[in-house]
Amino acid sequence: MRFVETLAIVAVLAAACTDLPPRVVRNSTAYTGTLPTAGGSSERTARVTLREDGSAAVQLSSAAPAGDFFAEGTWQQADNAIVIELSSASPARLVFTRSGDLMIGKEWDRALWGEAEPVLYLVR
C-alpha cells in the first residue's frame, strides 16, 4: 500500500514539473466579416463575440469615426439560429443562421448594418 502511495506522489510531482505549455482555455467564439459600403461610405468590419456564459459583444468598426458601434448583451442558440439581444445600446435583436464556419444574418438593424445580408466568418 505504501508503495502505491509513493508511486502516486511521484507521478503527481513529475506531471507538475513538466515543461508542457498550459492548456488553452477557450471561453468564447468570435466571428468577423466585412460589411459592404453603402452610399459611398467607408467599408466596415463587424465582429461578434459569443461567450460560454451566454454574454455577447457586437462591434462595428470603420475608418470614419461615425461608423463605429459597440454593444453588449446576451445570446442563445435555437436549432441552428443564434439570437443576440443587445442591451447596452438601444435595445436591438440580431438573428444569424449558422452554416459550418459562417454566421449569416437573418434579422438585423438595416440602418446600422446596411441592407446587404451580413456574412461573418469564424475566427476562433
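Here is the figure for the stretch 105-124: residues that are open to solvent by 40 Å² or more (accessible area, probe 1.4 Å) and closer than 21 Å to Arg51 by Cα total 7. Summed over the stretch 21-48, the residues that are at pLDDT 90 or above, among the charged types (D, E, K, R) and open to solvent by less than 40 Å² (accessible area, probe 1.4 Å) give a count of 0. Candidates are the residues of the stretch 60-78 that are closer than 15 Å to Met103 by Cβ and surrounded by 16 or more Cβ atoms within 10 Å (Cβ to Cβ); the one that is farthest from the chain's Cα centre (by Cα) is Leu60. Mind checking whether some residue in the stretch 49-56 is open to solvent by 100 Å² or more (accessible area, probe 1.4 Å), modelled with pLDDT of 65 or more and farther than 20 Å from Glu115 by Cβ? Yes, the stretch 49-56 contains a residue that is open to solvent by 100 Å² or more (accessible area, probe 1.4 Å), modelled with pLDDT of 65 or more and farther than 20 Å from Glu115 by Cβ.
Scan the stretch 86-102 for residues that are in a loop (DSSP other than H, G, I, E, B) and within 13 Å of Trp75 (Cβ to Cβ) and the total you get is 1. Considering only residues that are touching a strand residue (DSSP E or B) at 6+ places or on another chain (Cβ under 8 Å), among the acidic types (Asp, Glu) and not in a strand (DSSP E or B), which ones fall in the stretch 103-122? Within the stretch 103-122, Asp109, Glu117 meet the criteria.
The values are calculated or read from the model by the stated rules, or taken from the named source; none is laboratory data. Keep in mind that what you see is a predicted model, and the values were worked out from it rather than measured. Glycine gets a Cβ as well: all are built from the backbone with ideal geometry, and neighbour counts include every protein chain shown. Ligands, DNA and RNA are excluded from the accessible area calculation, which covers all protein heavy atoms including side chains. Shrake-Rupley method; radii C 1.70, N 1.55, O 1.52, S 1.80 Å.
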